[in-house]
Every structure is written in C-alpha cells, then in structure tokens.
Amino acid sequence: MSKLYGVLLLLVATHCVTSTTNTYVYEFGQNVGNVVFQYDGRIPLLQPVTHKDISIPPGVTVTYVRVTVDALSPPKVDFEADRNRVSIVYSWTQISMSSYSIIVKGFIV
C-alpha cells in the first residue's frame, strides 16, 4: 500500500510541476534566413545537462537560433556555433524536468 501512495505522490508532484511552468526564450544571431532545422524535446527530472547537436545541410550558414524552454526556473542556454550544438544546463538546485524547442535559420552560400 505504501508503494501506491508513493506513486500517487509522484504523479501529483509531476502534475503540479508541469502545470506551473514558465516560458524562457533565448535567441542567438540575427533573425534572417529560412528555417533549416527544427526540434522539440523533453528533459527528464534528473538530467541537469542536455546537449542537442544541430544537423545543418551542406552549404548552409546559420544566422539565427531560437531556443524556447518551458520550465519552473530558467536554465543556462548556450549555442556553440563552431560545433552547431545547443546546451541547456540546470544547476543542481533546479528541477530540470522541462520541454524545449529549437528553431534554426540560415542561408545557402
């Protein structure tokens, strides 16, 4: 019976966390060009560091990256242009369970 209470408590906590999230937007570069990459993902509860490699077609130069994160508190978000990678990092005191979307724009050179 105590396992059932534990599962119920986890479900209620998860519902409370997901229903009180905020949206944080991070932008890198100039918002010009066409969309060349788009991705939506989720970050589990105990994963404070998330990296997403961006697949860019050959001959395309990235001009803009927009990362939108729905979370309880703002993570640190970086775009590593030399590696075409987005990093989303939470501190050990933050709850990492969240969702995110990435939009990348660019030009064909």
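Computed from the coordinates by the stated procedures, all read-outs in this text should not be read as laboratory data. What you see is a predicted model, and the numbers here were worked out from it, not measured in a lab. We place every Cβ from the backbone using ideal geometry, glycine too, and count neighbours over all the protein chains shown.
Structure summary
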| item | result |
| --- | --- |
| Contour minus Cα-Cα distance for Asp70 and Asp82 (0.36 nm per residue) | 1.7 nm |
| Net charge over other residues, Cβ less than 14 angstrom from the Cβ of Thr63 (K, R count +1; D, E count -1) | +1 |
| Per principal axis, descending, Cα span of the stretch 22-108 in whole Å | 41, 21, 17 |
